[in-house]
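For reference, the structure discussed in these notes is given below.
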Amino acid sequence: MNIKRYGIDAPFALLIYTAFGVGLVLHAYVNRLNYPIGIEMTLGIILLLGALLFLHTTAQGKYRLFDEAIRHLNLTPDSQVLDLGCGRGALLTKIAQQLGPAGKVTGLDLWLSRDQSHNKITVTQKNVDDLGLTNRVNLVTGDMTKLDFPDASFDVVTSSFAIHNIKNEQARINAVKEAIRVLKPGGHIMIIDTGRNINEYGQAFRDAGLQITQSMSLGFNGWWATPLIDSYVVAGNKPTNKTAK
């Protein structure tokens, strides 16, 4: 059900793991009498196991991470939330389900299918409508490095598995700075991501004067094909004093 509604993250990566794994195993089997196939067969099996682990994370694991994340967001029925890189709405809809009639989640994305299969604003809107969350969600197309929102617009800002898709380091930092800019004093920001950017995000938080409340790896449910490609959370609170950066 999760894949049917919310798609597959980085579908081309999963395809590559699967195709190369199957190819190596089949090639080794066909040539088993011609030369030693141990290394070839082992590599193929490793790639296929990686594909299965990737599939677990995109179909089940990350949703368990989201369930845990929701408990740390300090949402209230009237919270105004921004979800950056919302994709087909997996985290966005979980947040919206926690809000009351006065609450609202704004989901922002560039809707690129290379980041998530069949990633379109119309698909996300259908998911929102099907779950009866239409009045609690607003979807917009936008660049997270240049947010078109006033300062201090949101009580909570989230982003899940999105910012790492920005390949330029300065642009990633700009995205974090923009997220902090639109966060209200006293508000909470949470970034769940993969890649090697946990220290980069943490430094951006510290430079802005945020109090970091979480900074850690998320374990097995966040492994993308291998423990070397893990997931992590960086979260913090924006200070209320006027002297904060």
*Considering 33, 52, 48, which residue is at pLDDT below 95 and not polar (S, T, N, Q)?*
33
*Show the residue pairs that are 6+ apart or on different chains and have beta-carbon atoms under 9 Å apart, the first residue being within the stretch 194-205 and over 12 Å from residue 172 (Cα atoms) and open to solvent by less than 30 Å² (accessible area, probe 1.4 Å), the second being assigned to a helix (DSSP H, G or I) and among the small types (Gly, Ala, Ser).*
194/222
*asked:* Between 143, 148, 155, which is assigned to a loop (DSSP other than H, G, I, E, B), open to solvent by 20 Å² or more (accessible area, probe 1.4 Å), under 23 Å from residue 232 (Cα atoms) and not aliphatic (A, V, I, L, M)?
replied: 143
*Going through the stretch 111-136 one residue at a time, which ones are without any contact (Cβ under 8 Å) to a residue 60 or more places away in the chain and open to solvent by less than 10 Å² (accessible area, probe 1.4 Å)?*
124, 128, 133
*Mind checking which helices (runs of 4 or more DSSP H) fall wholly inside the stretch 1-110 and carry at least 2 residues that are touching a Ser or Thr at 6+ places or on another chain (Cβ under 8 Å) and buried (at least 19 other Cβ atoms within 10 Å of the Cβ)?*
38-56, 62-70, 90-96
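The values are calculated or read from the model by the stated rules, or taken from the named source; none is laboratory data. Keep in mind that what you see is a predicted model, and the values were worked out from it rather than measured. For neighbour counting, all protein chains shown are included, and Cβ atoms are generated from backbone atoms with ideal geometry for every residue, glycine included. Accessible surface areas use protein heavy atoms only, side chains included; no ligands, DNA or RNA. Shrake-Rupley method; radii C 1.70, N 1.55, O 1.52, S 1.80 Å.
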